[in-house]
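**Student:** Take this structure first; my questions come after.
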Amino acid sequence: TNKEVQIGQTLKDDEYIGMVRREVLDDFLRQRAKKNGATLINGLFLGMTLPEKKGDSYVLTYNDYEDEQGNARKGVKKSLEVDVVIGADGANSRVAKDIEAGDYEYAIAFQERMKIPEQKMDYYKDRAEMYVGEDVSPDFYAWVFPKCDHVAVGTGTVVDKKGIQRYQQGIRDRAATRIDGGEIIRVEARPIPEHPRPWRVKDRAILVGDAAGYVTKCSGEGIYFAAKSGRMCAETIVKNSKQGVRMIDEADLMEHLREWDGKYGPTYLVLDLLQKVFYTSDAARESFVELCEEEYVQKVTFDSYLYKTVQGNDPMGDLKLGWKTLSSLYKFNNQKTPDPMRTLA
C-alpha cells in the first residue's frame, strides 16, 4: 500500500547506520594493509595447487598486472608459495572451487547508481529507504541508499532471478517522485550468498566473507561480516602459529569456525526466520511495516543491527511483540480487500 514508517527514533546520538562506497572503502583498506606491512599485488587469482603431503606449500597462480614485461590487460602469469590460504575472493570464489567447498543458493542483487537533482539529494542526506512488495521483489526488498553525492537504487531476489529487470523497474516506479530527473552513472549486479557453504575449511585453507557465505538474511548485509570474519580468522592464525613460528593445521582453523559460529550463528538463524515470515507475501509485508511502528521493534532491530548480536532481553516486551506479530499477520492475511496504493510525498 506504500505505507511509510519512519524508523530510527531509538538511536542514540552516537549511533548511526553507515553507508559506504565500495570503491572508496576497498582502496582505503588496501592502503591501510600496505601501511601495516602487507605486500599488495595487483593481479587476478587464477587458481592454486594443493599440498601433496603434510607441510608442503600451496602454490598460487595469478596474473600480475603491474609487471612491466606484460601486456597491461593480460599481465604476466606468476606463482607464489604460501603456508596458509584465506579465501576472501567473493561469492564466485576460486579458492572455494579449488578446495571443493560446495555450492550455495544465491540471490541476484541489481542496482543503479543515480545522480539526482540536488534538492532531491537533500532528502537522502540522512535517510536510507527500504521498499517491500511483490512489485519490487517476491522474496526480498528494494532500496534507495545514499552514496555521498548520489543514490543507489536497486533490488534483489532468489526465486525469480530472470525477472530482476522487472523488479528494478518496480522500484524506479515506486520511488519515482523522489528520483525523477536522475541520471544513471553506473549499473552494478552481483550474487549474494543465501547461506554458508557446506565446507569452509580444508587443511590449511579457509574461506571468509562472501566466499564462505557470510551474508545475513532479511537485511542482506555482508560487508561487516566479511571484514570481521577476515580479522577473526587472521587473529586465530597469528595466535596459534605463535607469531609465525609454528605451522598451523586444520584444527587451528576449525577453532576459528567454532568461535565464529558461536558468536554470530544465532543472528543468522533469527534473520533467516524473519525473512521467511515477512518477505513471502504482500499481507506479511504489510504486517512487517505495521510492526516497524512499534518503538520496541525499532530498538531491538537497531540494537541487533548495530551490535551484530540478537537483542531482546525484556521478556514482557518480547511477549507483547509476539502477540502483536500474530495479531498483525492474522489481520492482513484475512483482509478481503487490500487498501489502495498510496502516493509517496
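**Student:** Between residues in the range 51-66 that are among the aromatic types (Phe, Trp, Tyr) and modelled with pLDDT under 95 and residues that are open to solvent by 30 Å² or more (accessible area, probe 1.4 Å) and in a loop (DSSP other than H, G, I, E, B), which pairs lie under 9 Å by C-beta distance while being six or more apart or on different chains?
**Tutor:** TYR65/ILE41; TYR65/ASN42; TYR65/ALA72; TYR65/ARG73; TYR65/LYS74
**Student:** Kindly provide the set of residues from the range 131-173 that are in a helix (DSSP H, G or I) and open to solvent by 30 Å² or more (accessible area, probe 1.4 Å), ordered by number.
**Tutor:** Restricting attention to the range 131-173, the residues satisfying the condition of being in a helix (DSSP H, G or I) are 161-173.
LYS161, LYS162, GLN165, ARG166, GLN169, ARG172, ASP173, listed by residue number.
**Student:** Of a type in the set (S, T, N, Q), over 26 Å from GLY230 (Cβ atoms) and under 22 Å from the mean Cα position of the chain (by Cα): is that true of THR155 in this structure?
**Tutor:** Details: of a type in the set (S, T, N, Q): yes; over 26 Å from GLY230 (Cβ atoms): yes; under 22 Å from the mean Cα position of the chain (by Cα): yes.
Yes.
**Student:** Right, something else. Within the range 92-129, how many residues turn out to be buried (at least 18 other Cβ atoms within 10 Å of the Cβ) and in a strand (DSSP E or B)?
**Tutor:** 10
**Student:** Could you please tell me which pairs satisfy a Cβ distance under 9 Å, a separation of 6+ or placement on different chains, a first residue in the range 23-37 that is open to solvent by 70 Å² or more (accessible area, probe 1.4 Å), and a second residue that is not aliphatic (A, V, I, L, M)?
**Tutor:** VAL24/CYS148
**Student:** Right, here's the next one. Kindly list, by first and then second residue, each pair from a residue in the range 173-184 that is among the polar types (S, T, N, Q) to a residue that is surrounded by 11 or more Cβ atoms within 10 Å (Cβ to Cβ), limited to pairs with Cβ atoms under 8 Å and residues at least 6 apart or on different chains.
**Tutor:** THR177/LEU344
Matching residues to (1) more than 21 Å from the chain's Cα centre (by Cα); (2) among the basic types (Lys, Arg); (3) more than 30 Å from VAL82 (Cβ to Cβ):
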residue	(1), (2), (3)
ASP180	yes, no, yes
PRO196	no, no, no
ASP203	yes, no, no
LEU207	no, no, no
VAL215	no, no, no
GLY230	no, no, no
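**Student:** Is it the case that ASP210 is in contact with a Pro (Cβ under 7 Å, 6 or more places away or on another chain), open to solvent by 40 Å² or more (accessible area, probe 1.4 Å) and of a type outside the set (Phe, Trp, Tyr)? Show your work before the answer.
**Tutor:** On the way: in contact with a Pro (Cβ under 7 Å, 6 or more places away or on another chain): yes; open to solvent by 40 Å² or more (accessible area, probe 1.4 Å): yes; of a type outside the set (Phe, Trp, Tyr): yes.
Answer is yes for this residue.
**Student:** With the range 247-345 as the region, which helices (runs of 4 or more DSSP H) entirely inside it contain at least 3 residues that are surrounded by fewer than 19 Cβ atoms within 10 Å (Cβ to Cβ) and aliphatic (A, V, I, L, M)? So that I can check it myself, show each step before the final result.
**Tutor:** Working: elements: 250-278, 282-291, 295-307, 315-333.
Because the criterion is at least 3 residues that are surrounded by fewer than 19 Cβ atoms within 10 Å (Cβ to Cβ) and aliphatic (A, V, I, L, M), the helices (runs of 4 or more DSSP H) in the range 247-345 that meet it are 250-278, 315-333.
The values are calculated or read from the model by the stated rules, or taken from the named source; none is laboratory data. Predicted model, so just to flag it, every value in this text is computed and none were measured. Heads up, the Cβs are rebuilt from the backbone with ideal geometry, glycines too, and the neighbour counts pull from every protein chain shown. Remember, those area values only see protein heavy atoms, side chains included, never the ligands or the DNA or RNA. Shrake-Rupley method; radii C 1.70, N 1.55, O 1.52, S 1.80 Å.
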